[in-house]
Amino acid sequence: MTSPYHLPAGKALGGPYVVDVGPESAGWGYSSLRVLELPPGGSHTFDTGDSEWIVLPLSGGCTVDATDGSGARTFRLTGRDSVFSGVSDFAYVPRDARTTVSSTGGGRFALTGARCTRRLPARYGPASGVPVELRGTGNSSRQVNNFGAAGVFEADKLIAVEVLTPGGNWSSFPPHKHDEHRPGEESVLEEIYYFEFAAHDGTPGLGYQRVSPSGPGRETDVLAEVRDGDVVLIPDGWHGPSMAVPGHHMYYLNVMAGPEAERAWLICDHPDHAWIRDTWPEQPVDPRLPLYTAPSAPSSPSAPSSQ
């Protein structure tokens, strides 16, 4: 069964991007994701428009040049071999700026974005500053790289994190939602999931994603087999579990934004499954985690250049 909320690899192409999802195509107000593939020596220039963006290497390294009314900034991102090999550094570029991403060695780069009103300064995010969290225990264990989480890295609307789930485990569990404005308890956030999987002996991986209706007017319903490069859109509803098949680690990039005045990730667990959190203290974290940790800060860090 097909769903307008499941975009298999190749179904969200747009211009130079292998994934191009934004408010217009998704039919919502804030969240965006683009995935840019560059050949060795390649570059791409775009205007940030009414959105703030984080440039996050998925594989390879790049240089990010951002120019606006206050001047030009250049950030050199070391990147990584793959999403399964380590934490990456990243660059934040504000709305109303012209930005160029270029790569000597080529690679794949995620542009996570959100419509916003405040204009914050362009900044570099070091890999050493990314909090790596282990969430859940037993077969609900997963790793969260909180590079763009609220309370970790300042933005106006954008929230973005990476989740790594060992093969055979369930993440985004218990199912949860963030589609109602309930101050202090739940915030309204549109969400994008972008998936990659670790292959085994050349065999590609896969997983499954569930989204179920959370009430009248909030009727998103998805049960999708997801593979490398797939995207799932979550305008509302209970989302989870995200299931990794045995033998293949699963990665997904979450991009969230919404209309709330406060930038916060406030969620409500599904009442039928919330009890599972109470079992976590009784079990150890999956010993395969963490798949990796953030690197230590260099003793003499070289600051990103400005010009």
Looking at this structure, is G14 farther than 30 Å from S212 by Cα and not β-branched (V, I, T)?
no
Report the residue count in the range 37-76 for those that are of a type in the set (G, A, S), surrounded by fewer than 17 Cβ atoms within 10 Å (Cβ to Cβ) and under 25 Å from R263 (Cα atoms).
1
Name the residue that is nearest to the chain's Cα centre (by Cα), counting only residues in the range 220-245 that are of a type in the set (D, E) and buried (at least 22 other Cβ atoms within 10 Å of the Cβ).
D230
For the range 132-150, enumerate the residues that are part of a loop (DSSP other than H, G, I, E, B) and within 16 Å of the chain's Cα centre (by Cα).
A149, A150
For residues that are assigned to a loop (DSSP other than H, G, I, E, B) and crowded, with 16+ Cβ neighbours inside 10 Å, scanning just the range 205-214, find the one that is farthest from the chain's Cα centre (by Cα).
S214
Please list, ordered by first then second residue, the pairs with beta carbon atoms under 9 Å, 6 or more apart or interchain, first in the range 14-28 and closer than 16 Å to Y194 by Cα, second in a helix (DSSP H, G or I) and modelled with pLDDT of 95 or more.
G14/S25
Tell me, which residue of the range 170-199 that is of a type in the set (S, T, Y) and in contact with a Ser or Thr (Cβ under 7 Å, 6 or more places away or on another chain) is farthest from G237 (Cα to Cα)?
S171
Is at least one residue of the range 189-197 surrounded by fewer than 22 Cβ atoms within 10 Å (Cβ to Cβ) and touching a strand residue (DSSP E or B) at 6+ places or on another chain (Cβ under 9 Å)?
no
Look through P235, P246, P259, P213 and report the one residue that is under 16 Å from W170 (Cα atoms) and touching a residue at least 12 places away in the same chain (Cβ under 8 Å).
P246
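May I ask you to say which residue of G217, G202 is surrounded by fewer than 24 Cβ atoms within 10 Å (Cβ to Cβ), over 17 Å from the mean Cα position of the chain (by Cα) and farther than 26 Å from Y17 by Cα?
Result: G217 is the single residue among G217, G202 that is surrounded by fewer than 24 Cβ atoms within 10 Å (Cβ to Cβ), over 17 Å from the mean Cα position of the chain (by Cα) and farther than 26 Å from Y17 by Cα.
The values are calculated or read from the model by the stated rules, or taken from the named source; none is laboratory data. Computed from a predicted model, the values in this text were never measured in an experiment. Backbone-built Cβ (ideal geometry, glycine too); neighbour counts: all protein chains shown.
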